[in-house]
Structure formats: C-alpha cells, structure tokens
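Engineer: Take this structure first; my questions come after.
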C-alpha cells in the first residue's frame, strides 16, 4: 500500500507571488501533456500573468503512481488530488477536460469550499439510458476506435471508464453542485450528451453555466479563448 496517495505534477509555471492557481486536469487515455499547448497560450496572456498554472497526472498515467493495488476509482483519484491540492496556498480554479471534468466536479461537490470556480471542457455526463446505450450499442465504438491496443489493455483506463465515466452518480453530482461552474462544449462533439448537459444546466441554474462553441471533443483554441474570458473575470476579483 502507498503511505500517501498524491498526484504528481506534469507541469508547474511556478509563478512568483501568484494570487490564484489554475489546476488543469486531463482526460482519459492521456496525461498532463494534453494541456501543454493550452497552458502555454494561457500563461502567455498578459491579463493572466499573475496566475500559477499546474497540470497533474491522474493515478495510472504520466508521473503519478501505477500499481495493481489501486482501484483507479473516485476514492483513489480524489484522495490523491486532495493531497496534491493541500500543498497549494492560494484560491484554486479547477479546469478539467473530459474525464477530468467528472473528477473535478465530484471533488468540488465533496469539498464545497476548496475551489473558487470550475471550468469544465467537454463533460461526458450521461443519464442511465445513455450509459446503457453506449456500453451495449454501436456508440461504444466512439470511445475505443482511436485507441491503440495497449490502451485498451491498460488497467487504469478500463477501471476509470467503468468506475468514473459510466458512473450514474455523475448526474447527481452536477445537479447538486454549489460551486460556480462553466460547462464548455463543442457543437460537433460526439463523445458528450449536449442534450443532457442542457437539462442539467436548467435544473441547476444557479451554479451551472452552459457555453457552446464550435468544434469537437479536444482542448481547442476556441476553448482557450473561453477559458481566458472566465479567468480574467475571476482574476479581477481575486488579484
């Protein structure tokens, strides 16, 4: 067993005298490097120069722990995230992509005062019928067609798909979030349920703000610009 589960940093801008820290959380089947271009763009934006940017690797990926003793479920990942965030001494904004949005939302749901804001890109939040359709129907191929054989045999990947992505409790988490949250998605994204996101935003109007952009599932330039707009507003309040 590990003495203390903790996520490892794949990137840290180490901004001096930062008043706000933006923590970037990657999706499944990748690692913190998926945020490399976005962070370079964001930290090069003058209005965000006083913000510290960090990108963590989830357990089972990148520099973080890989072990057969891990379940790679919400408990493991959020314990490691909580331990990592405990070392940050400024207000925190969590920016997640895909799988990272689900973990960010659950962390904020369970630790209501630990984060200032959530910015969630391409959140794969499904209702019960959608989960059944994806797991048992032709839509399942959308999740696997572009992955290599090594990834399909990756224990962390399969465990997180089952325990996190296809977790029906994700619905409840988003419905009951009490942290200001921007849900950003592309109009051509086949890996999310835009209909379900819209329904969730209507049920939790106070805290969920739905932002539609052009594009697919990835972390794209048009999404960078949306992140900048949100961070500038938060920074004006915090810095």
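The values are calculated or read from the model by the stated rules, or taken from the named source; none is laboratory data. Keep in mind the model is a prediction, meaning the values are calculated, not measured. Reconstructed Cβ throughout: ideal geometry from the backbone, glycine too, with neighbour counts over all protein chains shown.
Engineer: Looking at residue 98, is it surrounded by fewer than 22 Cβ atoms within 10 Å (Cβ to Cβ) and either without any contact (Cβ under 8 Å) to a residue 40 or more places away in the chain or under 22 Å from residue 189 (Cα atoms) (or both)?
Structural biologist: no
Engineer: Taking only pairs six or more apart or across chains, which ones have beta-carbon atoms under 8 Å, a first residue in segment 200-228 that is on the phi > 0 side of the Ramachandran plot, and a second residue that is assigned to a helix (DSSP H, G or I)?
Structural biologist: Within 8 Å, the pairs are 215/222; 215/223.
Engineer: Return yes when residue 232 is under 20 Å from the mean Cα position of the chain (by Cα), at pLDDT 95 or above, assigned to a loop (DSSP other than H, G, I, E, B) and surrounded by fewer than 15 Cβ atoms within 10 Å (Cβ to Cβ) and no when it is not.
Structural biologist: no
Engineer: Given (1) crowded, with 16+ Cβ neighbours inside 10 Å; (2) in a loop (DSSP other than H, G, I, E, B), identify the lone condition not met by residue 23.
Structural biologist: (2)
Engineer: Further question on the same structure: Sort out which residues of segment 193-209 are surrounded by fewer than 17 Cβ atoms within 10 Å (Cβ to Cβ) and in contact with a helix residue (DSSP H, G or I) (Cβ under 6 Å, 6 or more places away or on another chain), and write them in order of number.
Structural biologist: 203, 204, listed by residue number.
Engineer: Then there is this: Identify the single condition in (1) out of contact with any strand residue (DSSP E or B) (no Cβ under 6 Å at 6 or more places or on another chain); (2) free of Cβ contacts under 8 Å to residues at least 40 places away in the same chain; (3) over 20 Å from residue 228 (Cα atoms) that residue 83 does not satisfy, given that it satisfies every other one.
Structural biologist: With (1) out of contact with any strand residue (DSSP E or B) (no Cβ under 6 Å at 6 or more places or on another chain); (2) free of Cβ contacts under 8 Å to residues at least 40 places away in the same chain; (3) over 20 Å from residue 228 (Cα atoms) applied to residue 83, the lone miss is (2).
Engineer: Evaluate the following for residue 86: is it modelled with pLDDT of 95 or more, exposed (fewer than 14 other Cβ atoms within 10 Å of the Cβ) and more than 20 Å from residue 221 (Cβ to Cβ)?
Structural biologist: yes
Engineer: Being under 19 Å from residue 117 (Cα atoms), outside any strand (DSSP E or B) and within 16 Å of the chain's Cα centre (by Cα) is the filter here; which residues of segment 172-219 pass it?
Structural biologist: Within segment 172-219, 173, 174, 177, 179, 180, 197, 219 qualify.
Engineer: While we're here: Looking only at segment 174-188, which residues are within 19 Å of residue 99 (Cα to Cα) and either loosely packed, with under 15 Cβ neighbours inside 10 Å or modelled with pLDDT under 95 (or both)?
Structural biologist: Once the filter is applied, which keeps residues that are within 19 Å of residue 99 (Cα to Cα) and either loosely packed, with under 15 Cβ neighbours inside 10 Å or modelled with pLDDT under 95 (or both), segment 174-188 yields 176, 187, 188.
Engineer: Kindly check whether there is at least one residue in segment 164-171 that is within 30 Å of residue 235 (Cα to Cα), in contact with a helix residue (DSSP H, G or I) (Cβ under 7 Å, 6 or more places away or on another chain), buried (at least 20 other Cβ atoms within 10 Å of the Cβ) and at pLDDT 95 or above.
Structural biologist: Yes, the conditions are met somewhere in segment 164-171.
Engineer: Inside segment 65-83, can you point out the residues that are crowded, with 23+ Cβ neighbours inside 10 Å and within 15 Å of the chain's Cα centre (by Cα)?
Structural biologist: Hits for segment 65-83 are 77, 80, 81.
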